[in-house]
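**Student:** Sharing a structure below in C-alpha cells format, with a few things to ask.
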Amino acid sequence: MKKLIIISLTALLAACSSTGKIDLSNRNSYGLKCSPNANSAPNWEGCMGTAEQMCAPQKVANVQQLSPTGSGSPDDSYFMTFSCQ
C-alpha cells in the first residue's frame, strides 16, 4: 500500500511540474491550500497572511492563485503558490 501511495504522489508531482504552474525545482517556492475543497470559496487573504508569516523576515513574491483542477479528488481545491525573497 505504501508503494502505491508513493507512486501516486510521484506521478501527481510530475504532472504538476510538467504543466509549468508549480516550480518543483525551486526550493524557495511554496504552496498553500486556500479552500477546504473545490466547491468552497478561497480565502486568499488568509493564505497571504500565512505566506507572510512563513517568509518573515523576507517578503512574499511571485504569487499565483490557482483554481481547482476539476479532478474530483478530495484534495482538489484553490491553491496559492509563492516564493520568499
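The values are calculated or read from the model by the stated rules, or taken from the named source; none is laboratory data. Nothing here was measured: the structure is a model prediction, and the numbers come from that model. Using ideal geometry, Cβ is built from the backbone for each residue, glycine included, and neighbour counts are taken over all protein chains shown. Quick note on the areas: whole protein, heavy atoms, side chains included, nothing else; ligands and nucleic acids left out. Shrake-Rupley method; radii C 1.70, N 1.55, O 1.52, S 1.80 Å.
**Student:** Could you grab me the full set of residues in region 63-85 that are out of contact with any Gly (no Cβ under 9 Å at 6 or more places or on another chain) and among the hydrophobic types (A, V, I, L, M, F, W, C)?
**Tutor:** 63, 84
**Student:** With within 27 Å of residue 85 (Cα to Cα) and either modelled with pLDDT of 90 or more or surrounded by 10 or more Cβ atoms within 10 Å (Cβ to Cβ) (or both) as the only criterion, which of 18, 25, 73, 8 stands out? Write out each step before concluding.
**Tutor:** On the way: 25 fails: either modelled with pLDDT of 90 or more or surrounded by 10 or more Cβ atoms within 10 Å (Cβ to Cβ) (or both); 73 fails: within 27 Å of residue 85 (Cα to Cα); 8 fails: within 27 Å of residue 85 (Cα to Cα).
So the residue among 18, 25, 73, 8 that is within 27 Å of residue 85 (Cα to Cα) and either modelled with pLDDT of 90 or more or surrounded by 10 or more Cβ atoms within 10 Å (Cβ to Cβ) (or both) is 18.
**Student:** Look through 65, 53, 58 and report the one residue that is open to solvent by 50 Å² or more (accessible area, probe 1.4 Å) and assigned to a strand (DSSP E or B).
**Tutor:** 65 is the lone residue from the list that is open to solvent by 50 Å² or more (accessible area, probe 1.4 Å) and assigned to a strand (DSSP E or B).
**Student:** Is there any pair linking a residue in region 64-77 that is among the charged types (D, E, K, R) to one that is in a loop (DSSP other than H, G, I, E, B), with Cβ under 6 Å and at least six apart or on different chains, and which?
**Tutor:** Correct list of pairs: 76/38; 76/68; 76/69.
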